[in-house]
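Inspection log for the structure reproduced underneath, given as structure tokens.
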Amino acid sequence: MKKQTCDVLIIGGGIVGLSLAKGLEQLGISYRLVDESLSKPFSGIRPLALSKTSIAILKYLNIWSSVWAQTTNIRNIHVSVESAFGHLLLNEKQLEHLGAVIDLNELQKAICAQLHETKALINGRFLSFDAKTQTVTIQQDEAFFDIETKIIIAADGALSSVRKACGLPVELEPEQEAVIGMLSLKHPHEGLAFERFTDIGPLALLPWHTHDMAIVWSLSKKNAQLMRDQHFSDVKDRLEKQLAHRMGDILSVQSIRTYPLRQIFMPVQSYQNILFLGNAAHTLHPVAGQGFNLSLRDVVTFLSVLQEYGISSDTFPIYLLRRKKDQEFTLKLTRFLASGFNRFPGFIKGIGLIALSNHLGLRQTFSNYAQGLGYPLPEEIYNFLEEGHE
């Protein structure tokens with residue numbers, strides 16, 4: 001196959017790589033996107049919590065209008081701790097939008113449908129790169145060909161093959177597993193999201209349609225295996241114990257399965273003409289629902305830098321400087337909630353929740369950071385923050 005050329009080569013066709021491709025099209029920058037699983041969706045439902053900022057970014061990328069009807073608004077967030085008094089209730093009437101939940105598969109399909117440069121999407125596999133010639137070798141079925149590009153964006157996930165080829169280090173957290181599934185309620189959930197710090201790991205329930213909720217329970221490998229092997233009725237009993245009937249009666253629990261949680265952070269996120277984005281750069285614990293939201297802020301900041309400075313020797317340093325504080329804070333917050341929070345005695349955790357619950361200023365600050373508003377965003381995004389969800 002003849003050598004191809006482009007300004008930006010994206011390795012990885014998940015929602016981060018696809019979102020970047022959509023933004024590059026809007027800027028008129030030529031690109032190629034390579035992934036050997038472009039036509040293969042994730043198996044089962046993958047709930048994704050979108051922050052207020054992420055919704056604004058999806059509007060900026062002209063994606064939101066095609067997916068909003070498939071989302072469920074988060075109207076309240078209830079936070080509690082097992083074996084501790086007190087709780088925190090975040091309400092959209094006090095704090096405006098609290099975000100929405102969507103199936104990752106639906107978002108991925110919607111972005112693919114929005115892309116006009118379909119010839120730029122290549123079902124292939126990254127093999128190697130040559131920094132001197134700025135050329136990447138791709139395998140497609142039994143054929144091999146080269147792509148000459150100015151910059152490479154590695155958005156190929158937590159087990160990034162590009163990162164491995166570069167020999168770059170990562171910071172690793174102890175691996176856990178997430179138990180995910182669905183539960184059905186007797187009464188409507190009315191947009192209530194539920195976060196509970198249980199003694200064995202953080203439990204999140206995300207509103208899904210009218211009577212259903214998505215389960216995300218982060219556990220040790222041993223506890224995850226035990227729960228996966230339990231009968232649905234036993235899992236239902238455990239959930240009812242944790243919820244203490246706050247959500248009413250649970251009618252059923254379905255589709256329980258597990259997937260590995262790899263917490264990864266790259267202290268150095270660029271190498272020669274390669275920039276790492278998404279899970280390749282930072283794979284976060286799902287406890288705070290920040291993974292994709294942080295990555296989407298990375299994407300829109302990179303697009304903004306490209307628009308201001310073009311592709312130059314300044315592009316990566318300026319981008320990395322703008323994203324440094326947000327990434328570091330979000331990583332520390334996630335690590336604390338995933339492991340540090342449970343190290344405190346129950347009464348201390350309870351007092352902390354009561355303090356947050358009774359102080360509007362603290363609640364607003366906490367919500368701002370959780371919604372991605374703690375650090376500056378590209379100016380063009382603020383216009384979309386004022387709009388409603390539709």
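The values are calculated or read from the model by the stated rules, or taken from the named source; none is laboratory data. None of the values given here were measured: they were computed from a predicted structure. Positions of Cβ are generated from backbone atoms using ideal geometry, with glycine treated the same way; all protein chains shown enter the neighbour counts.
Looking at segment 254-262, can you tell me whether even one residue there is touching a Phe, Trp or Tyr at 6+ places or on another chain (Cβ under 6 Å) and either under 16 Å from ILE10 (Cβ atoms) or not assigned by TED's automatic domain parsing to the domain that holds ARG323 (or both)?
Within segment 254-262, the subset touching a Phe, Trp or Tyr at 6+ places or on another chain (Cβ under 6 Å) is none.
Looking for residues that are touching a Phe, Trp or Tyr at 6+ places or on another chain (Cβ under 6 Å) and either under 16 Å from ILE10 (Cβ atoms) or not assigned by TED's automatic domain parsing to the domain that holds ARG323 (or both), one finds none in segment 254-262, hence no.
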message = Could you check segment 77-135 and list, in sequence order, the residues that are hydroxyl-bearing (Ser, Thr, Tyr) and within 28 Å of ILE200 (Cβ to Cβ)?
response = SER80, SER83
ask   = Counting residues that are buried (at least 20 other Cβ atoms within 10 Å of the Cβ), in contact with a Ser or Thr (Cβ under 6 Å, 6 or more places away or on another chain) and touching a residue at least 12 places away in the same chain (Cβ under 8 Å), which strands (runs of 3 or more DSSP E) fully inside segment 177-265 reach at least 3?
value = 201-208
ask   = Taking segment 131-173 only, how many residues are at pLDDT below 90 and either closer than 18 Å to ILE311 by Cα or β-branched (Val, Ile, Thr) (or both)?
value = 4
remark   = Taking segment 283-326 and keeping only residues that are of a type outside the set (Phe, Trp, Tyr), over 17 Å from ILE381 (Cβ atoms), touching a strand residue (DSSP E or B) at 6+ places or on another chain (Cβ under 9 Å) and assigned to a helix (DSSP H, G or I), one is left with PRO286, VAL287, ALA288, GLY291, THR315, PRO317, LEU320
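Would you check which residues across segment 127-149 are out of contact with any Gly (no Cβ under 7 Å at 6 or more places or on another chain), surrounded by 16 or more Cβ atoms within 10 Å (Cβ to Cβ) and within 13 Å of VAL162 (Cα to Cα) and list them? If you could, list the steps in order and put the result at the bottom.
Our first condition is that a residue be out of contact with any Gly (no Cβ under 7 Å at 6 or more places or on another chain); within segment 127-149, this holds for 127-137, 141-149.
Right, trim to surrounded by 16 or more Cβ atoms within 10 Å (Cβ to Cβ) and you get 129, 134-136, 146-147, 149.
Within segment 127-149, PHE129, VAL136 qualify.
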request  = Count, please, the residues in segment 270-295 that happen to be farther than 27 Å from ASP7 by Cβ and either touching a Cys at 6+ places or on another chain (Cβ under 7 Å) or without any contact (Cβ under 8 Å) to a residue 24 or more places away in the chain (or both).
outcome  = 1
message = Which numbered condition in (1) surrounded by 13 or more Cβ atoms within 10 Å (Cβ to Cβ); (2) at pLDDT below 85 is the only one that LEU303 fails?
response = (2)
inquiry  = Suppose we keep only residues that are among the β-branched types (Val, Ile, Thr) and either in contact with a Phe, Trp or Tyr (Cβ under 6 Å, 6 or more places away or on another chain) or in a strand (DSSP E or B) (or both) within segment 65-93. Which one would you say is nearest to PHE384 (Cα to Cα)?
reply    = THR72
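Check whether at least one residue in segment 26-40 is assigned to a helix (DSSP H, G or I), of a type in the set (A, V, I, L, M), under 17 Å from the mean Cα position of the chain (by Cα) and modelled with pLDDT of 95 or more, and report yes or no. Outline the logic, then answer.
Just the residues of segment 26-40 that are assigned to a helix (DSSP H, G or I), to begin with: 26-27.
Filter once more, keeping what is of a type in the set (A, V, I, L, M): 27.
Restricting the remaining residues to those that are under 17 Å from the mean Cα position of the chain (by Cα) gives none.
No, segment 26-40 contains no residue that is assigned to a helix (DSSP H, G or I), of a type in the set (A, V, I, L, M), under 17 Å from the mean Cα position of the chain (by Cα) and modelled with pLDDT of 95 or more.
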key: Selection from segment 162-173 of residues that are outside any strand (DSSP E or B) and in contact (Cβ under 8 Å) with a residue 40 or more places away in the chain   = VAL162, ARG163, CYS166, LEU168, PRO169, VAL170, GLU173
inquiry  = Against the condition outside any helix (DSSP H, G or I) and either in contact with a strand residue (DSSP E or B) (Cβ under 6 Å, 6 or more places away or on another chain) or farther than 30 Å from ALA355 by Cα (or both), how does ILE57 come out, does it pass?
reply    = no
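I'd like to check something: does segment 307-315 contain any residue that is crowded, with 20+ Cβ neighbours inside 10 Å, closer than 24 Å to LYS52 by Cα and not acidic (Asp, Glu)? Outline the logic, then answer.
Filtering segment 307-315 down to residues crowded, with 20+ Cβ neighbours inside 10 Å leaves 315.
Within this subset, residues satisfying the condition of being closer than 24 Å to LYS52 by Cα are none.
The answer is no; no qualifying residue exists.
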